[in-house]
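The values are calculated or read from the model by the stated rules, or taken from the named source; none is laboratory data. Keep in mind it's a predicted model, so treat the numbers as computed, not measured. Backbone-built Cβ (ideal geometry, glycine too); neighbour counts: all protein chains shown.
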Amino acid sequence: MQYKAGNEAEFIADLHDLIDTQLRYALRLMQDQPTDVVMLHFLATDNGSHTLWRFMDKTHPRHDPALAAKYGNALLEVYQHLDDAVKQVQEAGCKMQDAGCNTIIMSDHGFGPLHRTINLNILFVEKGLMHLKPRFFTQLRWWAFRNGLTPATAYKILSKLGLQNVTAKVSRKARNEMVGKFLSFEDVDWSKTTAYSMGHVGQIYINLQGREPHGIITPDRYTAARRQVIDALNTLRDPATGKPLVDRIIPREEAAHGPYADQGADLHLILDGYKTIAFPLFATEGRVLTPQIRGDSGCHRLHGIFIGNGAAFVNGATVPNARIIDLAPTILHMFNVPVPEDMDGRVLTDALTPELRGKAAQIGAAATTSTAQVDFTEEEQAEVEERLRALGYLG
Ligand SMILES: [Zn+2]
C-alpha cells in the first residue's frame with residue numbers, strides 16, 4: 001500500500017502484515033525444502049522508515065505533534081516486529097542444523113530524515129546546460145511551471161477543494177497522463193542539451209554522442225562538459241544558511257567499474273547530509289529547491305548495519321568498512337567454498353573466529369559468465385516497467 005496523508009493506520013497495519021506474510025512463507029519454505037542457506041529480504045523497515053520518520057523525529061520540518069502522539073512509536077514497533085520475525089527464522093533454522101547455525105543481518109543502507117527535493121533539470125535549464133523546445137506547448141508549459149502550475153500545486157489546489165480523495169482514486173495510468181500535461185523530458189531540445197538528470201537520487205548524465213539517443217557531446221568534450229555541470233552544482237546554496245548544498249560529487253569512474261561502467265550515470269550527488277534528494281523524473285515544479293511533497297519524510301543513508309551471530313563469529317568484534325557485496329564471499333568462505341576470482345567484495349575476516357580467519361580466503365577459478373539472453377514476454381516486460389514506474393524509475 002502506498003502511504004498518503006490520512007491513511008496512516010492502514011499503512012502501518014499493512015507493514016506488519018507484510019512482515020507476517022514474509023515470515024509465514026519463509027518458515028513454510030524452510031520446512032518443506034530444507035537448504036544449507038536461507039536468504040530473506042525484509043522490506044517493511046525500508047517502507048516504514050521512508051514514511052513514518054517525521055512522526056518520531058521532533059526536529060523534522062513536517063513533525064506534527066498530534067500525529068506524533070498517535071504514530072510516534074509506529075516505526076519502533078515495525079522494527080520490534082521484525083526483530084521477532086528474525087528470531088523465529090533463526091530458531092527454525094538452528095533446529096535443522098546439527099553442526100551449529102549462523103545468522104547474518106545486513107542492511108543495504110541506513111536511514112535519516114528527508115527535508116527537501118531538488119529539481120536538477122530546472123537548475124540545468126537555468127544554467128543553459130539544458131534547453132527546451134521552442135514549440136508553443138513546451139513554452140506554455142514552461143511558463144505555467146514557472147508560474148506555479150505544477151503537479152505539486154495541482155495537488156494542493158485539489159486538497160483545498162477537498163478533492164484529494166478523487167485524485168487518490170484516479171488510476172496510475174490517468175495520473176501519468178496528467179503528469180504528461182506538465183513539463184517533461186518530451187519538452188527537452190536534445191540538440192542543444194549538455195546534461196540531464198534522471199533516476200532515483202538524481203543521477204546526472206552527459207548528453208554523450210554514441211551513448212545517448214540524441215547525444216551531442218563528443219568524447220573529446222566530455223571532461224569539459226562534466227566540469228561545467230560540476231561548476232553549476234557548486235553554485236547551489238542552502239537558502240536558510242547560505243552554505244553550499246553539495247557535500248560530494250562522485251564521478252562515474254569512482255562509482256562503477258567493469259565493462260559497462262561507461263553506460264551508467266556520469267555524476268552522482270550527495271547533498272545536504274542526504275536530507276535533500278533529487279526528484280527522479282523531470283521536475284516537481286519550476287523551482288530548483290522545493291519542500292518534499294510526496295509522502296516520504298525519511299531517506300537512505302550511506303551506512304547501515306552488519307550483525308553476525310553464531311559459531312562462526314567472534315564476540316564483540318567490529319567490522320570496519322563492511323559492504324553489502326562482501327556478504328557472498330563471506331558466506332562462501334564460511335561454507336569452505338572457494339570464492340571465484342571475479343567476485344566483487346571480500347571475506348569479512350574481522351568478524352570471523354580465529355579458526356575461520358586463519359584459513360586464507362581460497363581463490364577459485366572465475367565463474368563462467370553467463371551469456372544467456374533473457375527474453376521477456378510482452379506481459380512480463382509490462383510488469384517490469386510497471387514496477388520500475390512504481391519505484392519512480394520510469395516516467
Ligand atoms: Zn528505500
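Scan the stretch 287-335 for residues that are in contact with a strand residue (DSSP E or B) (Cβ under 6 Å, 6 or more places away or on another chain), within 16 Å of the ligand (Cβ to nearest atom) and assigned to a loop (DSSP other than H, G, I, E, B) and the total you get is 3.
Taking each residue of the stretch 26-53 that is within 19 Å of Gln88 (Cβ to Cβ) and surrounded by fewer than 17 Cβ atoms within 10 Å (Cβ to Cβ) and looking for partners that are modelled with pLDDT under 95 and among the hydroxyl-bearing types (Ser, Thr, Tyr) with beta-carbon atoms closer than 9 Å, six or more apart or interchain, yields Leu29/Thr35.
One line per residue, one yes/no per condition, for (1) assigned to a loop (DSSP other than H, G, I, E, B); (2) at pLDDT 70 or above; (3) outside the structural domain of Phe185 (by TED's automatic domain parsing):
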site	(1), (2), (3)
Leu75	no, yes, yes
Gln80	no, yes, yes
Asp83	no, yes, yes
Gln90	no, yes, yes
Leu149	yes, no, no
Thr153	no, no, no
Lys156	no, no, no
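Residue-level check: of (1) surrounded by 20 or more Cβ atoms within 10 Å (Cβ to Cβ); (2) within 16 Å of the ligand (Cβ to nearest atom); (3) under 30 Å from Asn321 (Cβ atoms), Ile118 misses just (2).
Among the residues that make up the stretch 337-346, is at least one of them part of a helix (DSSP H, G or I) and without any contact (Cβ under 8 Å) to a residue 40 or more places away in the chain? Within the stretch 337-346 (the criterion being part of a helix (DSSP H, G or I) and without any contact (Cβ under 8 Å) to a residue 40 or more places away in the chain), the answer is no, since none of the residues qualifies.
Screening the candidates Leu281, Leu236 for the property of being modelled with pLDDT under 95 and either farther than 29 Å from Gly345 by Cβ or touching a Cys at 6+ places or on another chain (Cβ under 8 Å) (or both) yields one hit, Leu281. For Arg175, are the conditions met, namely being at pLDDT 95 or above, in a helix (DSSP H, G or I) and out of contact with any His (no Cβ under 7 Å at 6 or more places or on another chain)? Judged against the criteria, Arg175 is not a match. Scanning the stretch 35-50 for residues that are in contact with a helix residue (DSSP H, G or I) (Cβ under 7 Å, 6 or more places away or on another chain) and not in a loop (DSSP other than H, G, I, E, B) returns Ala44, Thr45, Asn47, Gly48, Ser49. Can you find a residue that is within 16 Å of the ligand (Cβ to nearest atom), closer than 22 Å to His303 by Cβ and not hydrophobic (A, V, I, L, M, F, W, C) anywhere in the stretch 35-42? Looking for residues that are within 16 Å of the ligand (Cβ to nearest atom), closer than 22 Å to His303 by Cβ and not hydrophobic (A, V, I, L, M, F, W, C), one finds at least one in the stretch 35-42, hence yes. Could you go through the stretch 54-70 and let me know if any residue there is within 16 Å of the ligand (Cβ to nearest atom) and in contact with a strand residue (DSSP E or B) (Cβ under 8 Å, 6 or more places away or on another chain). The answer is yes, given that some residue of the stretch 54-70 is within 16 Å of the ligand (Cβ to nearest atom) and in contact with a strand residue (DSSP E or B) (Cβ under 8 Å, 6 or more places away or on another chain). Scanning the stretch 229-286 for residues that are part of a helix (DSSP H, G or I), touching a Lys or Arg at 6+ places or on another chain (Cβ under 6 Å) and closer than 27 Å to Pro219 by Cβ gives a single hit, Ala232.
In the stretch 192-228, the qualifying residues are those that are in a strand (DSSP E or B) and among the small types (Gly, Ala, Ser), and the one that is surrounded by the fewest Cβ atoms within 10 Å (Cβ to Cβ) is Ala195.
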